[in-house]
1. Name the residues in region 70-86 that are without any contact (Cβ under 8 Å) to a residue 12 or more places away in the chain and not in a loop (DSSP other than H, G, I, E, B), would you?
2. If a residue must be under 12 Å from Phe383 (Cβ atoms) and among the aromatic types (Phe, Trp, Tyr), how many such residues does region 15-50 contain?
3. Among the candidates Val248, Val266, single out the residue that is out of contact with any Phe, Trp or Tyr (no Cβ under 6 Å at 6 or more places or on another chain), of a type outside the set (Lys, Arg) and at pLDDT 95 or above.
4. Residues in region 370-385: is at least one over 18 Å from the mean Cα position of the chain (by Cα) and among the aromatic types (Phe, Trp, Tyr)?
5. Testing Gln89 on (1) at pLDDT below 95; (2) of a type outside the set (Val, Ile, Thr); (3) part of a helix (DSSP H, G or I), one condition comes back false. Which one is that?
6. What helices (runs of 4 or more DSSP H) completely inside region 186-268 contain at least 3 residues that are touching an Asp or Glu at 6+ places or on another chain (Cβ under 8 Å)?
7. Taking region 164-183 as the region of interest, how many residues are outside any loop (DSSP other than H, G, I, E, B) and surrounded by 21 or more Cβ atoms within 10 Å (Cβ to Cβ)?
8. Which residues, taken from region 9-40, are free of Cβ contacts under 8 Å to residues at least 40 places away in the same chain and of a type outside the set (Gly, Ala, Ser)?
Amino acid sequence: MTEEDVVQEIMLEFAGRTGLQGSGPVRRYLWTDAYAVCNFLGLYRQTGREKYLHLALDLVDQVHETLGRHRDDDPRSGWISGLDNGVGQLHPTAGGLRIGKRSAERPAGEPFDEKLEWENDGLYYHYLTKWMHGLCCTARVIGNPVYVTWARELAERAHNAFCQSGPGDAKHLYWKMSIDLSRPQVTSMGHHDPLEGLVTCLEIRQQEETGAGTGEPLLAVAIKDLTDMCRGSNWTTPDPLGVGGLLVDGWRLAQLQGAGMEIPVVGLLEEMLDAAAVGLSIFTRDNTLHLPAGSRLAFRELGLSIGLQAIVRIESLVSRFPEAFSSQTRLGAMLDALQHYLDLREQIEDFWLVPENMAVPAWNDHADINMVMLATSLAPEGFLDL
């Protein structure tokens with residue numbers, strides 16, 4: 001069986017088990033579905049089969065109809081934006097999108113419990129940015145600007161709600177908010193949230209301005225605030241999912257820079273690659289990849305595997321458009337250093353393709369996200385390439 005066959009098998013199984021196809025109950029989760037949309041779009045472009053395009057578009061609609069509305073166990077109903085049904089369908093992201101957790105959100109006034117909070121619904125900033133990227137990918141593949149408009153509306157709403165001023169008027173992003181975006185559920189800021197937000201807002205701006213031909217400064221407030229948050233930050237993390245995210249965002253940024261977009265933080269790409277190299281050195285020194293399947297989290301490792309495939313892409317882009325990167329003189333040395341870690345991709349993929357390793361509780365507890373991110377790692381074009 002070829003890798004393409006494996007990816008198709010995984011994604012069709014995912015469609016059936018989550019209610020995208022067939023008569024089973026609908027189970028939507030924003031992070032997983034963002035990757036899945038890109039995977040279906042990638043399969044459509046690779047195979048030309050219309051069924052994969054329909055699955056991608058149906059998934060977008062189902063996410064909006066499910067996660068853009070209040071939960072079935074919530075006394076509130078309708079779109080979480082508060083818009084009436086007709087207007088809400090035209091602007092399904094205007095109020096944000098729920099995570100899709102099993103348990104209802106923590107009510108106002110109930111004490112915070114870190115362990116329980118992981119199971120409670122709400123809105124995560126870094127899940128919303130993943131969905132914005134999925135909408136941009138959809139718009140590019142089918143040439144319909146409404147999807148990038150939805151991405152921009154989501155970016156504006158998220159920034160207005162999550163971005164707050166801290167001590168000394170410094171800007172800050174809440175990590176998690178209530179479903180109606182009226183209060184923070186977790187006030188700390190995700191390590192890479194400002195970076196993810198900036199790259200995503202730049203992607204939306206580049207795509208919407210290209211499509212509209214207006215040249216207006218879209219998302220200007222969000223981009224300025226996120227730029228301020230990114231300046232002088234240290235992005236280093238030993239977490240494999242975090243390192244993978246740095247590499248993915250570095251590739252997205254490089255594509256925008258290669259297309260002529262001015263990046264508001266000077267040297268940002270170099271900072272991201274440098275942090276990824278340091279993180280990889282720590283991760284490989286600890287060498288958690290030798291542990292048995294039951295002691296590992298597949299989706300975190302697969303996030304790294306996906307990110308590693310950005311390295312050769314960045315290197316190729318820099319060699320083709322050297323003038324776009326001429327001011328970043330350390331890029332070549334950084335990319336050379338990152339080459340030493342490319343074999344980790346095959347090591348991670350081969351391990352999680354073994355049926356016995358998919359049979360442990362650690363895999364089955366997160367089966368949907370593990371399946372989809374394994375498919376993304378095997379065929380990353382739909383998710384990675386702008």
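The values are calculated or read from the model by the stated rules, or taken from the named source; none is laboratory data. Just so we're clear, the structure is a prediction, and the values are computed from it rather than from any experiment. Cβ sites come from the backbone with ideal geometry, for glycine too, and all protein chains shown count toward neighbours.
1. Across region 70-86, the qualifying residues are Asn85, Gly86.
2. Result for region 15-50: 2.
3. Numbers: Val266 fails: at pLDDT 95 or above.
Of Val248, Val266, the one residue that is out of contact with any Phe, Trp or Tyr (no Cβ under 6 Å at 6 or more places or on another chain), of a type outside the set (Lys, Arg) and at pLDDT 95 or above is Val248.
4. Here is the first cut: in region 370-385, the ones over 18 Å from the mean Cα position of the chain (by Cα) are none.
So far as region 370-385 goes, no, none of its residues is over 18 Å from the mean Cα position of the chain (by Cα) and among the aromatic types (Phe, Trp, Tyr).
5. (1)
6. Numbers: elements: 193-212, 220-230, 240-258.
Ranges flagged: 193-212, 240-258.
7. Residues of region 164-183 outside any loop (DSSP other than H, G, I, E, B): 164-165, 167-169, 171-173, 176-177.
Checking which are surrounded by 21 or more Cβ atoms within 10 Å (Cβ to Cβ) leaves us with 173, 176-177.
Matching residues across region 164-183 total 3.
8. Those that are free of Cβ contacts under 8 Å to residues at least 40 places away in the same chain and of a type outside the set (Gly, Ala, Ser): Glu9, Leu12, Gln21, Pro25.
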